[in-house]
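The structure under discussion appears below in the form of structure tokens.
The values are calculated or read from the model by the stated rules, or taken from the named source; none is laboratory data. All of these numbers come straight from a predicted model, not from anything done at the bench. As a convention, Cβ positions derive from the backbone with ideal geometry for all residues, glycine included, and neighbour counts pool all protein chains shown.
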Amino acid sequence: MNISIRKGLTVLMLTFSAFAFAEAPVLGSEFDAVAQNISTDNPAKIEVMEIFWYGCSHCYQMEAPLHAWVKKLPSDVYFKRMPGLPNPSWAPMAKAFYAMETLGVSEKLHTKLFDAIHKTKTLNPTDEKAAIDWVTAQSGMDKIKVDQAFKSFTMNTSLNRAAQIFKASGATGVPSLVIDGKFITSATMNGGNEQALKTTDYIIENVRKDKAAKK
């Protein structure tokens, strides 16, 4: 753990200890510091980033409660997704994520892709060719255009970034939630999806207090 993270933890832990909470989540148990600080897209707000894999059944189960939770986020918090990439077998789904973003069909196909893997079981998440065919069929776009999106010049940069963030987060599995680039929690650490989201709320509240104290 680097010095800046350690200093930030000291301040935030003091805030945590002063914050009234029935059964406060415990640092090192229900949540932890990331392995390395991760830069956020908008430092003026609090970022919540889900690290996930379309092939993960636990990520699929997290979708419904997470969607409901995101709809209620306050204006100073924003949500983003990041494909997990701890090993090459997860690359086809990471490519699908970025290709759908490039093609502008993420909102339309995100849930459908999860369903194809876990509900209808018609797609192998480690098969890139099958993923290209699936996106082509579901989007109604020309296959050449979809294929180009999967194999674009910027794809390797995106994949490298995903792999770096997974490592920096210290995640040991998915889905994991990274709050403000400093803290990580998960259903595994909390014993369930709803509990993980409650711990995320707890961290958000205290990060907010910490940011206010520094102004």
Which numbered condition Ile132 misses (of (1) in contact with a Phe, Trp or Tyr (Cβ under 6 Å, 6 or more places away or on another chain); (2) part of a helix (DSSP H, G or I); (3) within 22 Å of Leu66 (Cα to Cα); (4) of a type outside the set (Ser, Thr, Tyr)): (3)
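When you look at Asp115, is it among the acidic types (Asp, Glu) and over 24 Å from Ile38 (Cα atoms), yes or no?
For Asp115, the condition - among the acidic types (Asp, Glu) and over 24 Å from Ile38 (Cα atoms) - is met.
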Residue in region 52-68 that is surrounded by 20 or more Cβ atoms within 10 Å (Cβ to Cβ) and over 18 Å from Pro175 (Cβ atoms) present: no
Output for region 22-44, where each listed residue is exposed (fewer than 15 other Cβ atoms within 10 Å of the Cβ) and more than 25 Å from Ala163 (Cβ to Cβ): Ala22, Glu23, Ala24, Val26, Gly28, Ser29, Ala44
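Any residue at all in region 173-191 that's over 14 Å from Ala96 (Cβ atoms), of a type outside the set (Lys, Arg) and touching a Pro at 6+ places or on another chain (Cβ under 6 Å)? I'd like the intermediate steps shown before the answer.
Keep residues of region 173-191 that are over 14 Å from Ala96 (Cβ atoms), which gives 173-191.
When the remaining residues are screened for being of a type outside the set (Lys, Arg), the result is 173-181, 183-191.
The next check asks that each one be touching a Pro at 6+ places or on another chain (Cβ under 6 Å); those that pass are none.
Within region 173-191, none of the residues are over 14 Å from Ala96 (Cβ atoms), of a type outside the set (Lys, Arg) and touching a Pro at 6+ places or on another chain (Cβ under 6 Å).
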Residues within region 29-70 that are out of contact with any Asp or Glu (no Cβ under 7 Å at 6 or more places or on another chain) and of a type in the set (Asp, Glu), tallied: 4
Residue tally, condition more than 15 Å from the chain's Cα centre (by Cα), surrounded by 14 or more Cβ atoms within 10 Å (Cβ to Cβ) and free of Cβ contacts under 8 Å to residues at least 60 places away in the same chain, over region 82-100: 4
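Scan Ser158, Ser152 and give me the residue that is part of a loop (DSSP other than H, G, I, E, B) and either closer than 12 Å to Leu85 by Cβ or in contact with a Phe, Trp or Tyr (Cβ under 9 Å, 6 or more places away or on another chain) (or both). Break it down stepwise before answering.
Details: Ser158 fails: part of a loop (DSSP other than H, G, I, E, B).
Residue meeting the stated conditions: Ser152.
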So Phe114, is it assigned to a helix (DSSP H, G or I), crowded, with 16+ Cβ neighbours inside 10 Å and out of contact with any Ser or Thr (no Cβ under 9 Å at 6 or more places or on another chain): yes
Test: residue in region 126-139 that is surrounded by fewer than 18 Cβ atoms within 10 Å (Cβ to Cβ) and under 20 Å from the mean Cα position of the chain (by Cα): yes
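Here is a yes/no grid of residues against (1) surrounded by fewer than 16 Cβ atoms within 10 Å (Cβ to Cβ); (2) modelled with pLDDT of 95 or more; (3) of a type outside the set (Ser, Thr, Tyr):
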site	(1), (2), (3)
Lys151	yes, yes, yes
Lys182	no, yes, yes
Thr185	no, yes, no
Thr199	no, yes, no
Arg208	no, yes, yes
Residue pairs meeting the criteria (Cβ under 7 Å; at least 6 apart or on separate chains; first in contact (Cβ under 8 Å) with a residue 24 or more places away in the chain, in region 107-124; second of a type outside the set (Ser, Thr, Tyr) and part of a helix (DSSP H, G or I)): Leu109/Met100; Leu109/Val135; Leu109/Gln138; Thr111/Glu63; Lys112/Gln138; Leu113/Ala96; Phe114/Glu63
